[in-house]
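Data block below; observations after.
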Amino acid sequence: MDPLAAVRSPDDPACDVYLTGTVFLDIIFTGLESAPVRGTESWARGMGSSPGGVANMATALARLNLRTSLAAAFGDDHYGEYCWDALEQGEGIDLTPSRTVPGWHSPVTVSMAYEGERTMVSHGHAAPPEEPLPDCPPPARAAVASLTPGRREPWIAQAASKGTRVFGDVGWDDTGAWDLASLPDLEHCEAFLPNAEEAMRYTRTECPREAAHALTDHVPLAVVTLGAQGAYAVDRRTGETAEVPAIAVEALDPTGAGDVFVAGFVTGTLAGWPLADRLAFAGLTAALSVQEFGGSLSAPGWAEIAAWWREVRSVAGQDPEALRRYAFLEGLLPGGDVRPWPLRRAVPTIGFRRSA
């Protein structure tokens, strides 16, 4: 299943999406009754390990069959070897721009999921700078950039100048300034995808939909995620707006759901789908991801999307209007029985049941 088959041409770049960032080794505890309490010991009913950080986005894109290239540093410890193997061999991600750093240990995050939320503790050190610095990122249809307040990343402008469509996301502004001027690389982005709280703080608005419209003064396409309410988007170039409700699911582990949402939206954008279909697809992939352990290895593939579409139509009493919202899947998914490939899943112990 190639979502870009209809738009590919012989002159296209070999890479669909380029990413760069930090790969963490994620250790996830689930099934906690509550947040850990100081001075006590908490037992979790479930545990998993998987590559995390930028690996969440890279894996989500690769499982949607986009040709994904990742530039990252990997430690030369067992954690780094595991993450490299999981991404390159397990997911088919191009790690040509990546490197292994001798003597540098892999960053680690412990994530604790409870009551539909998560708490994380991370440890790591910045990788030593690469000498000499790498050239401009490879030609690509798109790139996903994590924007950091007060910092400009030269590769973003370089990529945009060569025709790469840049999708920007952002994390919490620890400085408390919430100033769009502190995101200088936003000017190179085609789309900006903050959550509702971030969008309202950056635009000084009281409503996430109002915030989305305000953001289009700075970027052509604004997508604001609304949590349990779904997502809202505004395209300044066409004047189009779209809002799609979230799919109600029981969340096992929400780690990486935002990355999966972005990956789904990028896929639909590169394929040229209508804005509402892109939002619906992004929300669907995110909803499927939270029902599995791990940020990266919870991302769904086309077989799982097809299985969901087949199953949801067989349930009596479905709202016809809700089903019509996802009818566009009918023309995308392969017919007949869909056999999922052996997707890696997060396991309690690294190397557990590893095939030879």
Ignoring ligands, DNA and RNA, what percent of the 1.4 Å accessible area of region 2-111 is carbon and sulfur? 53 percent
Ignoring ligands, DNA and RNA, what percent of the 1.4 Å accessible area of region 117-204 is carbon and sulfur? 52 percent
With charges only on Cβ, +1 for K and R and -1 for D and E, what is the dipole size of region 130-287 about its Cα centre, in debye, rounded to 20? 480 debye
Compactness index (Cα Rg / 2.2 N^0.38 Å), the chain: 0.97
Pairwise label distance in nanometres, ALA6 with HIS105, each label 7 Å out on the Cα-Cβ vector: 5.1 nm
Please figure out what share of the DSSP beta bridges in the chain is antiparallel and state it in percent, rounded to the nearest 5. 50 percent
Reported to the nearest 10 Å², MET112 has, with a 1.4 Å probe, an accessible area equal to 30 Å²
Once both label points are put 7 Å beyond Cα along the C-beta direction, the GLU206-ASP76 separation in nm becomes 5.9 nm
With x for Gly and Pro, the residue-by-residue ³J(HN,Hα) of region 47-59, computed from phi through the Karplus equation 6.51 cos²θ - 1.76 cosθ + 1.60 at θ = phi - 60° and given in whole Hz, is 8, x, 10, 6, x, x, x, 5, 4, 4, 5, 4, 5
Phi-based couplings in Hz for region 97-114 (Karplus 6.51, -1.76, 1.60; Gly and Pro marked x): x, 8, 8, 9, 9, x, x, 9, 8, 5, x, 10, 10, 9, 10, 10, 9, 7
Find how many whole Å separate the alpha carbon centroid of region 1-65 from the alpha carbon centroid of region 253-315. 12 Å
In Å², what does the accessible area per residue of the chain work out to with a 1.4 Å probe? 48 Å²
Within 10 Å, at most 10 other Cβ atoms, and a DSSP state outside H, G, I, E, B define an exposed site. Report the longest part of the chain free of exposed GluC sites (Glu not before Pro). 251-356
Treating only Lys and Arg (+1) and Asp and Glu (-1) as charged, each at its beta carbon, one finds that the chain has a dipole about its Cα centre, in Debye to the nearest 20, of 520 debye
If you add up the charges near CYS189, with Lys and Arg at +1 and Asp and Glu at -1, over every other residue whose beta carbon is less than 10 angstrom from its beta carbon, what do you get? -3
Name the residues whose placed amide hydrogens come within less than 5 Å of the amide hydrogen of SER98, ignoring near sequence neighbours (fewer than 5 apart) on the same chain. ALA72
Pick from VAL249, VAL290, VAL315: which residue has the top mean-square fluctuation in a GNM of the chain where Cα pairs under 10 Å get a spring? VAL315
Which residue, ASP76, ASP235, ASP319, tops the fluctuation ranking in a GNM of the chain built on C-alpha contacts under 10 Å? ASP319
Relative contact order (%) - criterion: Cα under 8 Å, at least six apart; region: the chain: 18 percent
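The values are calculated or read from the model by the stated rules, or taken from the named source; none is laboratory data. A quick note: this is a predicted structure, and the numbers were derived from the prediction, not measured. Please note: Cβ atoms are built from the backbone with ideal geometry, for glycine as well, and neighbour counts cover all protein chains shown. The area values use the complete protein model at the heavy-atom level, side chains included, leaving out ligands, DNA and RNA. Shrake-Rupley method; radii C 1.70, N 1.55, O 1.52, S 1.80 Å.
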